[in-house]
Each structure stands twice: as structure tokens, then as C-alpha cells.
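What follows is a set of notes on a single structure, which appears directly below.
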Amino acid sequence: MALRPVVVTGLGIICAAGRNPAEFWTRLITARGGLAPIEDEAFAVFAARHAGQVPDAWIDAQVPAGEAAGDRTARLALVAARQAVEQAGAAPAPDRFGIILGKCQATPGPAGAYQPMHHTADVVAERLGLRGPRVLVSTACAAGGNAIGLARDKILTGEADAVLAGGVDPLLFGTYAGFAGLQAMSTGPCRPYSHSDGLNLGEGAAFLLLEPLDLALARGVTPLAEVAGYGLSADAYHATAPDPTGRGGASAVRRALAEAGLTPGDVHYVSGHGTGTPANDTMEAKVMRLVFGERAAQVPTSSIKSFVGHTLGAAGAVEAVASVLALHHGVAPPTIGFDDDDAPADLDYVPNRAREMPIGTVVSNNYAFGGNNVSLVLARPRDPIPYDPTPRREAVISGLGPVTGAGTGIAETAAAIAAGHHGAGLAPSLEGRTFAPRSLWRHMNGLSRLAIAASRLAWEDAGLKLPRKALDDVALVFATGAGSAESTGGFDDSIALNPNKPAVLSFSNVVLNATGGAVCQTLGLRGPTTTLCNGAASASIALDCALEMIDAGKAEVVLVVAADETPGVTPGAPAPAGDGGPVPYGTGTAPVAGSGAVAFVVESAAHCAERGGRPYARVAGTRHAAGQGAEPVARSLALTGAEPGLVLGAATGTPRDAEEAAAVLARVPGALLTASAALIGDCQAATGAMNIALAALAVRDGLAPALAGLDEPLAGDLGSYVTRPELAGPVASALALTAAHDSVRGAVLLEEV
Amino acid sequence: MASVLVTRHPEDTVHGEVGDSTVPLRFSSTSQEYQVLRDRAAVLDLGGHRLIEITGPAAVDFAQRILARDVEYLTSDRCMMSLVLDESGQVVDQVIAFGREDGLLLESSCGAGTRLLEHLLAHAEEGAEIVDRSADLTVIGLEGPYAWGVVGRLLDGELASLPFESVVDTTWNDVDLVFARTGYTGEYGYQMIVSRESAPALWEGALEHAQAAGQEALELAMLEVRQPILRHEATPGASVIEIGANWLVDITKDDFVGRAAVLEAFEAGGGRRTVGFTGCEGVPAPGTRVLAGGQDVGEVVHAVHSTGLGATLGLARVDPELAAAGLDLTVAGLSVTTLTSPYIVPKSWSIPII
């Protein structure tokens, strides 16, 4: 079966080694790196001073006159995104044009406070008029490569005709202090694969414009490269250190090659992760030997980071741009600063000088904190081929694991719903049983504990009993708005106190995917894994990603876990005073912020049936709509399928609940409307996931949370809302909504099996 | 119990009784075998370790009650060391517990398998089947700073760098192995659980890359890093705290056999503590009195001549306030100095696996 080829038709980049693809390439092949001492005196507190910085002038010269200056992160991203769009010359309909952005760090806005993770993607999308798929992927240092793979998926599903895929991260003082605290920095320019005495941080943005080969050719455009496949894997080993065996990295390469229909023998060049830390460089050599065996020394591999430093979330995209150019020009860029006089390398790291060679296939690898690995396979574009439609496989939700103020586990949660209790603002309880080996549990932060408990409960609820070997293919998609507030706050406080004494344990948990990594490590899951950060819409986007994995045959079982926390609402914290819960869709109410994790098992219907599982519901359809204001609500509801009897809305108790209620009542006037926020408060991504979980529960067991205290709805009349927990019976179908306001909204339709 | 490999041992191998087993004490010379273990890589015949399988729907619950550490989430790719205690908190054995798909596999310490098996059977529960697998399985170990190189040559380089206490089901020449990264001596350590039928071939295969070391060299190297050797250290009446093996007990676990006694001993305080010492001539016998400023403060538990230190190395059980490094005590009229462990620094700590 042949899938529709997806190609790259535009490139954009701004980094320490060039302000556009042409300059970047010239510097790569002439071995002129961009690492230099940081001039900003604030960094003088650190022994290591080298970094790959982008001169302000390079950005300013490329921002159109009159455009309101955004923050540095958005400006970097806009520069690279515009270059890619311009080169491709693609102009699909806005609804068919998406953006998938990789980003590692939460970045500050003008006032200094952290912006939502997805903010940069929203800025780029609004400026360029993109209303198609919008995803923020945050698998730390693997995010840029991950974004390109996800973009390919979005084209294969038919949701988009073009997707801007890339990554961005600026150089931030705190991150610098964190890496310095981990003793991971080189005091000079980094020298990957030879001295390997540490990394340099860098900054920048890079984008690739992806579109289907047939559409590119129809426009008369010559593609630069084909994104032939990608592979994700989880080490399930450690928060920051790579699995020393290299098996996690090797598994990502093997999955990517399998998706591309290629073998290790087809690979001509490998763009390595090449950070220059001893742990990374040793592990990468193992990956090369594991994947290529005897041929390892004949496959040139080099480090683009030797030119630009480690640009974190942008790195995978920066290296993908280099890989596309390497393919296009038939030149392998070198590893610069290479000096192996002391211990000659047994692999070919393309030392110091670019090499002309025939290149038909490139593998680009990235490895991240949290044990997330990604490999991309880029190949010379093919002639058009007849292709088959992307296969769709029926998927079911077979296990639920809510851990919220309303209960731990689905039984407690159902009991709370039936009794009309709410737990908004209450801390979830993790007392009474263990969820992980004690040796791991005691090192976990609060968010990871919630997520692990939710995952374990969903797993048990699904009745899954899989042998160790099968766990190597179980996927995990983690959804979070902001990750661990506890670790981010603790780390920032430590930096404010003394930048040379960062709280390194917190630092390793600042990356958004740390919690997903902790779940993989605890449950031993080594399948494809990723982390998505689209605020309260993260969970439905994560479900989409899970369905794509199942459709593509990459996994039979995918655990989707969503978690977010509010400082102060942590296990052991006292209950807030008063018992009035939030009243979604009500007037004169306010949201109640909470902490929680909600996991659900997504499984191919065939796999679930074969093992005798008892699914809650089948996933009949999903839809996302990006954009500002109320307009995307109706667009997200344009799902085909049976009219749902119940809608679990994304309302949390704000005046904006009105726009959702009005759109829902217009679209499905016969349905009853309610919202999980009435039960558990606003736990961002976890509340979105709770809507999906409770829609599944309503379909199988006929139970839904009542909107206690609703007497004056913002739209329609009371008869359109759930005001008592017992429905007339199980509903044949239920719709779950998610919303990151002014960014993206999601809708998930579940039907009885 | 005799090792299946006994016929493969060289003719002049010195065998001896350790608990219920006959094991190779030394193949040639203990000090030479010790040097191999500390400098290169040694192959160990661990045939004196009994393998007991626990299966059935209640296997994990049963193991959780019997073992002093938490094995609830011990997956089939992990192993861990734990004590097994009786109701009075006395040590029954120290085991390596391997997670398996259908339960657990317990590996006894050398010569203690019969006692362990009896203890398990005495506590047997419905739903947990206890089967002694020693009739069909045995264990061969690899230990030393370059043991990872032996693994690479014998099996697969990928297995050499497995994280500590990881387990992989693999094969060697089409023979099924349960392969684990373990370690008794502070050096890189691996164990291979193999059928008795195939053990001789695996033993010969391993000997192509490394030299055999006997129980004496192994126990010496264990003592040097304060790895418990319970047949010497678990003296009657001693609590796990006195033995210094409390790291093999997890009192945060809700319940396990012996927990109450350990807690009681901990809360009562008192008792003695175990500390290493060196300095005197010769090897004092267990029970030799230990004096501080002329006062009797305890006794020698176990002592040997340490090849690594080139001196006597012993463990003394003394009053808690004296269980500290750098104190001068008297053993059999001779001056000794207490030590902090490990008493020698394993070479493996400075050698990366490549």
C-alpha cells in the first residue's frame, strides 16, 4: 500500500549560523560556525559563556515595517515561517493551511510572565492567516523533529493541504543556568563527537513547508525533499539521561525507516543530535552501531549543533533544514571543532570539512529530556505515484482514569457524579494505595504523581494485561497546558536566589514532556510518545494524535494522559472554604482553578475485541478549528455523524461560555448540555480530557455531571442542560468539547459500540 | 545441592560446603582469582543459588508479603535484591527477585535455598504456586570491571550497557537465557539464568573470554564493598539494623512478614551496629571480643585477609556510638581502625562501558 507522498517545498531558518537558508547553507559547507561568547553581562556569572545567538539586526531587517513588534520568540518564528511560505509559494485555503510548532521552553511575554505554550504558534498563524490544524508539540529537545512528523500525519489524514512545521526557542537566562547547573555546558565552543565536554545553548527558529507531492507538482513547484517517514520512541529510563544502551534511539530510527519502507542499508547520511555532552555522544555512537551494524563506520554522521549550539525546541527543525539542503545539494555538512587526536573515532563524523557525496536518504535524529526520541527520514523527491487513501481503523476508548478533586478512579468519580458532589478546587487524593514502585515515586513531582496515578487507573480500568514485549509498542500522548507549576516555580525561585545554584531536579521537570516521560518510565511504555501543549484543548488534539498512530498501525494501544495543576491545589492541601462550585453556562459565576490528571486508553477496536475488553465507546469523529473569537466554535461542531444526545462542553464558568452554548444549541438543539468543569473545576488540559472521559462514561453507563446551581443559563433555557446526574439512560452518542480560547477548539464525537 | 558444572571444573578445584550446597571455593588460587575479578572479568558458577518460581494469580501478593522490599510493580524486565525475614525479624535469606510475566523468580543466596524454600512453603497461600526450579535451571555470573566486554563478545553489546537491575530474555546459541545486570562486588555484574542442560556449554563459552573465580574470591570482593554475606553476618538474634542490611528492607510497605519486628527494633533503639575494621595481624575468629579503652564494646562478626587492602579486613558488631569510621579499637590485644565502606574502590566506578 502506498501512502500519499508528502514533500518539503519551502524552508525558513534564522539561527546563529545564518539569517536565511542560503546563508545557513553557505556557512555549513564552508565550516563557519556561529558560536561566540555571550556579551550580555548577566551571563557573566557562569563559567561557560559560549552560545549560538541570533543578532537582533537579523531579525529586525526581516520584520515588515509597521508590524507590531511581538516578543523575541514570536519574531524569530515569524521570520523563519515567512521565508518558508515565500519559497513554497503555497496559498491553500486558510482552513486547509496548518501550523505545527515545536517549542521546548515556556517563554515570557512583554510583562515578564509566561505566555501559554501555544502563544507563539497563535501569533504566527494569525499573522499568516492559517486556520487549519494548529498543534504545539513540546517534546523538549526533540520537538522540532517531532513537529515535522506530526505535520506529515496531518496531511495524510486529509486535514490540511499545507502545513508549516518547525520549531523555535530563544536563549533564556534560566535555561542557561539550568544546563550550567547540570554541568552540561562546554566552557568553549562545543565539540561534539570528539572532545564531548558539554554543549552550548543556541537560539533560533526553523520551518519547513510540507504539502502533498501531487499538489506541489500541480502548482508547478519542484519539491526539495520527501518526508518519507518518522519514528518516535520513549526510553522509559530516566528524566534527563539517555538510555545508555541506545535502544530507545535505535527504536526511533527503525520505526522511521519502517514507515518510509526503507532499510538501514538505504541511508546515506545521518544528521545526529550531536549536543557534545558525553552521555549523548556515547549513546549516539551506540545507536549508529545498533542500527547500521557493520556498516556504521561507512555512514557519515555530523552535528549541526557544532555550528549553532543546541537550539532546544528548534534544533530538530534546524537540523531538518540542513538535511533537506544536504539532500538537495549532495553535500554532507561537517562536524566542526572536531579534534579526535587523543582517541580516534571509529565512526565517520565528517570532521571539519563538508563532503560532496551522493545523498538519496537522510536520517535526522533528536533525543530529549524525558527520554523522548524522534527520527525523521528525508529522501529525494520521487516521481508522482498512485497512492491509496490513508487507512482509517476503528478505535475505542476502553479505560478511564480520572484523578481529580471529585475522585480517584472512575468508580469514585461516578459515585460523586451520582451523588451530585463536586470537587472543584479540591486536591485529588493519592492516599490508600501505591501507583508506582516506591523507588521511582519518591522522586516524582506532584504533576507526575497525578499523571502516573491516572495512567495506572486507566490501564487497570481497561483490564489490560500485556506482556513486557507488547509494552514496547504501547504509545503515550501527554497533554498539558503548562506542565508542572511546582517545578517551574521552584526552579525560577532558585535562579532568582542564585543562578549558580539552580534547583536541578526541578529543572529536569520544567520541560513540558517530563511528566509524560515519567509515566513511560513508571509503566515501562516504550512505544511512540509525544507531548502536546494547546492549553485546555490539548486532550482532544492528543486524541487525534492517538488515532493517527492507530490508523498508521504504529500502535494498537495508546494511553492519552492530560494533566495540569494550580499552585496550592495539591494532594494534602486543605479544602477551600465554602462549597459553591463553578456553574458553567451560568450567569454571575467564576471558574474555580484546580489540579488534576485524566487518562484514557485508546485502543484499536480489533485489539480490544480480541482481548475481550469492554469498551466505553467508539470514537466516531473528531474535529478541530483554529482562530480567534466565537467563530471557530461552530466550525469545530461541523462533525458528521449521528446527533449526540449529550454534549460535554468546554465551559468553565466564564462569560465566554455563552458563545459555546449558543453554537451548541443551534447545531444540536435536541442535546442536553453539561460540562466537566462543574464537577472538577478548570484543570486546563485535564478538564478537556475529563469531557472526553465523561462522554465515554455517558455512552456506556448513562451518567453525566449535573450543573448544580444553574438557574439562569447564558443561552437557551434550563431544559437544554443536564440538571440531574441520572440521564434517561445511556446516550447513543455524546460530544465532548475542548477549548483554548482564541487559539483552537476541539470536538470529539463518541458513539456506543 | 551440587553444581551441574562440577564436572567442568578443573581437576584441582577445591570444593566446599556452603549451607546446603557444594560449591567451588577456588579453582586455583583465591588471590589470583580475586585479582581477575577486580582487574578484568571473572566467570562465576552460582550453582549454589537456588531458583524458586512463584506463579499464579496471587503470586505478586504472596511475594509482596514474603519479601521485605516492594515488588508490587516489579515488571518482567527488572530485578531487585531483597531480604526475606521471619516473623521475629530474623533474616531467612537475601534474594534477587526477578519480575516475570506470570509471577516472580527468586534466587537464593549461596547455600541458603533449602531454608528459603521451607520458609516459602510454610507461608504458602492459595493462588500462589511455589516451584523449586533448581532441578532444571542454574545461574552463571560475570563480574569485573570489564565484564561488560565479555557480555559484548559472548552475547550482544546492547546487553552490556543495560541499566542496573534490568532483565532481558535473550538467547545464546539458540539457548534461552534470562539475562540480568546485577552485581555483588561493586564491579560490573551480570547473571545468566540458563537450563542446567545448556549450562556447561555456556560456562565453556564464557571461559573463552574470562577466567573463573570461586566463592572465596567472590565473598572477599563482596565484603570489601560491604555487600552482605548473610551466612557470616546474620548471627542468631541480630536484627537487620544490627546487621546493617536495612537497605534491603522497606518499612514504608504496608505489610510483610517481619515488618512489625523490624519496626519494633527500630523504635526500641539500642542493640549494636556493624562496622568494618582493619589493622590487626592474622584473621580474628568470629566472636573475638572488641575493646575500646579497655572496655568490652562488642565482637568480631567475620574477618578475612583482604587482597585489595593487603591487610586484615573484618566486620565488628559494636555499641552504636562506636560504629563510625576512624576509631581505634582493640581486637585480640591488637590495635585496629574502623573503616567507612566501601573498603576498596571498585575499578568499575571509573571505567565507562563503551
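Computed values, structure above
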read-out	value
Filtered residue count, the range B:172-215, keeping only those that are assigned to a strand (DSSP E or B) and either at pLDDT below 95 or within 23 Å of the chain's Cα centre (by Cα) (or both)	16
Tally of residues being touching a strand residue (DSSP E or B) at 6+ places or on another chain (Cβ under 6 Å) and either in a loop (DSSP other than H, G, I, E, B) or farther than 19 Å from A:GLY274 by Cβ (or both) across the range A:138-160	10
Count of residues meeting criterion [in contact (Cβ under 8 Å) with a residue 60 or more places away in the chain, at positive phi and assigned to a strand (DSSP E or B)] in the range B:94-124	0
Single residue of the range B:1-59 satisfying the filter (among the acidic types (Asp, Glu) and not in a loop (DSSP other than H, G, I, E, B)) that is surrounded by the fewest Cβ atoms within 10 Å (Cβ to Cβ)	B:GLU17
Pairs where the first residue, in the range B:249-262, is over 9 Å from B:GLU87 (Cα atoms) and the second is basic (Lys, Arg) and part of a loop (DSSP other than H, G, I, E, B), C-beta under 7 Å, 6+ apart	B:VAL249/B:ARG69; B:ASP250/B:ARG69
Filtered residues of the range A:478-503 (kept if under 27 Å from A:ALA686 (Cα atoms), among the hydroxyl-bearing types (Ser, Thr, Tyr) and outside any loop (DSSP other than H, G, I, E, B))	A:SER487, A:THR488
Single condition A:SER398 does not satisfy, out of (1) in contact with a Pro (Cβ under 6 Å, 6 or more places away or on another chain); (2) part of a loop (DSSP other than H, G, I, E, B); (3) at pLDDT 95 or above; (4) not hydrophobic (A, V, I, L, M, F, W, C)	(2)
Hits in the range A:662-678 - residues which are touching a Ser or Thr at 6+ places or on another chain (Cβ under 8 Å), over 15 Å from A:ALA536 (Cβ atoms) and assigned to a helix (DSSP H, G or I)	A:LEU665
Those residues of the range A:433-477 which are assigned to a helix (DSSP H, G or I), in contact with a helix residue (DSSP H, G or I) (Cβ under 9 Å, 6 or more places away or on another chain) and of a type in the set (D, E, K, R), in sequence order	A:ARG449, A:ARG456, A:ASP461
Residue satisfying all of: in the range A:223-258; without any contact (Cβ under 8 Å) to a residue 40 or more places away in the chain and within 14 Å of chain B (Cβ to nearest Cβ); farthest from A:ALA546 (Cα to Cα) among these	A:ALA241
Matching residues in the range A:17-57 - criterion: being assigned to a loop (DSSP other than H, G, I, E, B), of a type in the set (A, V, I, L, M, F, W, C) and more than 29 Å from A:GLU211 (Cβ to Cβ)	A:ALA31, A:LEU35, A:ILE38, A:PHE46, A:ALA47, A:ALA48
Residue satisfying all of: in the range A:466-496; under 25 Å from the mean Cα position of the chain (by Cα) and within 14 Å of chain B (Cβ to nearest Cβ); surrounded by the fewest Cβ atoms within 10 Å (Cβ to Cβ) among these	A:ALA470
Hits in the range B:64-120 - residues which are closer than 18 Å to B:GLU165 by Cα, of a type in the set (Gly, Ala, Ser) and more than 10 Å from chain A (Cβ to nearest Cβ)	B:ALA68, B:SER82, B:ALA97, B:GLY103, B:SER108, B:SER109
Filter pass, B:LEU142 being within 18 Å of the chain's Cα centre (by Cα) and either modelled with pLDDT under 95 or of a type outside the set (S, T, N, Q) (or both)	yes
Answer residue from the range A:511-527, given it is among the polar types (S, T, N, Q) and in a helix (DSSP H, G or I) and is farthest from the other protein chains (Cβ to nearest Cβ) among those	A:THR515
Total residues in the range A:87-141, condition more than 28 Å from A:SER508 (Cβ to Cβ), among the aliphatic types (A, V, I, L, M) and in contact with a Phe, Trp or Tyr (Cβ under 6 Å, 6 or more places away or on another chain)	1
Looking only at the range B:229-270, and only at residues there that are among the β-branched types (Val, Ile, Thr) and farther than 23 Å from B:GLN64 by Cβ, the one that is farthest from the other protein chains (Cβ to nearest Cβ)	B:THR235
Residue tally, condition in contact with a strand residue (DSSP E or B) (Cβ under 8 Å, 6 or more places away or on another chain), more than 18 Å from B:GLU321 (Cβ to Cβ) and hydroxyl-bearing (Ser, Thr, Tyr), over the range B:271-308	3
Count of the range B:132-163 residues which are part of a helix (DSSP H, G or I) and within 14 Å of chain A (Cβ to nearest Cβ)	7
Residue check for B:ALA124: of a type in the set (Gly, Ala, Ser) and surrounded by fewer than 23 Cβ atoms within 10 Å (Cβ to Cβ)	yes
Positions within the range A:684-722 being among the polar types (S, T, N, Q) and in a loop (DSSP other than H, G, I, E, B), in sequence order	A:GLN684
Odd one out for B:LEU218 among (1) in contact (Cβ under 8 Å) with a residue 60 or more places away in the chain; (2) outside any loop (DSSP other than H, G, I, E, B); (3) surrounded by fewer than 19 Cβ atoms within 10 Å (Cβ to Cβ)	(3)
Restricting the range B:317-354 to residues that are within 14 Å of chain A (Cβ to nearest Cβ) and hydrophobic (A, V, I, L, M, F, W, C), the residue that is surrounded by the most Cβ atoms within 10 Å (Cβ to Cβ)	B:ILE353
Given (1) buried (at least 20 other Cβ atoms within 10 Å of the Cβ); (2) within 14 Å of chain B (Cβ to nearest Cβ), number of the condition A:GLY316 does not satisfy	(2)
So A:ALA354, is it surrounded by fewer than 23 Cβ atoms within 10 Å (Cβ to Cβ) and within 14 Å of chain B (Cβ to nearest Cβ)	no
Qualifying positions in the range B:178-197 - closer than 28 Å to B:GLU11 by Cα and either surrounded by fewer than 19 Cβ atoms within 10 Å (Cβ to Cβ) or of a type in the set (A, V, I, L, M, F, W, C) (or both)	B:MET192, B:ILE193, B:VAL194, B:SER195, B:ARG196, B:GLU197
Count of the range B:60-93 residues which are assigned to a strand (DSSP E or B) and either under 15 Å from the mean Cα position of the chain (by Cα) or small (Gly, Ala, Ser) (or both)	9
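The values are calculated or read from the model by the stated rules, or taken from the named source; none is laboratory data. In this text the structure is predicted, and so the values were computed from the model without any measurement. Positions of Cβ are backbone-derived with ideal geometry, glycine not excepted, and every protein chain shown enters the neighbour counts.
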